[in-house]
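Here's the structure we're looking at; comments come further down.
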Amino acid sequence: MDRRLLDILVCPLCKSQLHLDAEKHELICKADRLAYPIRDDVPVMLVEEARSMTADEVL
């Protein structure tokens, strides 16, 4: 994923910074504990598509 794109993307729900999990191909919002999928190098920034994360996963 392009680093410049990651710098400008924010969580659509709370507008906080996202963190890349390259292994799982996801963008992580620690504030909302959501993981947005990256499919074919395109982030899917829909809350409905995000996966809920446990507190342990966010650390």
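Laboratory data are not the source of any read-out in this text; all were calculated from the coordinates shown. No experiment lies behind these values; they were computed from the predicted model shown. So basically every Cβ, Gly included, is an ideal-geometry build from the backbone, and we count neighbours across all protein chains shown.
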Exercise. Mean residue ellipticity at 222 nm from the helices of the chain, using -39,500 (n - 2.57) per DSSP H segment of n ≥ 4 over the full residue count, to the nearest 500 deg cm²/dmol?
Worked result: -3500 deg cm²/dmol
Exercise. Charges only on Cβ, +1 for Lys and Arg, -1 for Asp and Glu: so what's the dipole of the chain about the Cα centre, in debye to the nearest 20?
Worked result: 200
Exercise. Taking 0.36 nm per residue of separation and subtracting the Cα-Cα distance, what length does fully extending Val10 through Leu59 add?
Worked result: 15.8 nm
Problem set entry | Among Ile38, Cys14, His25 the positive-end extreme of the charge dipole of the range 4-48 (Cβ point charges) | Cys14
Exercise. Taking the structure as given and computing mean projected area of the Cα convex hull in nm², which label from (1) 5.1; (2) 3.7; (3) 4.8 fits?
Worked result: (2)
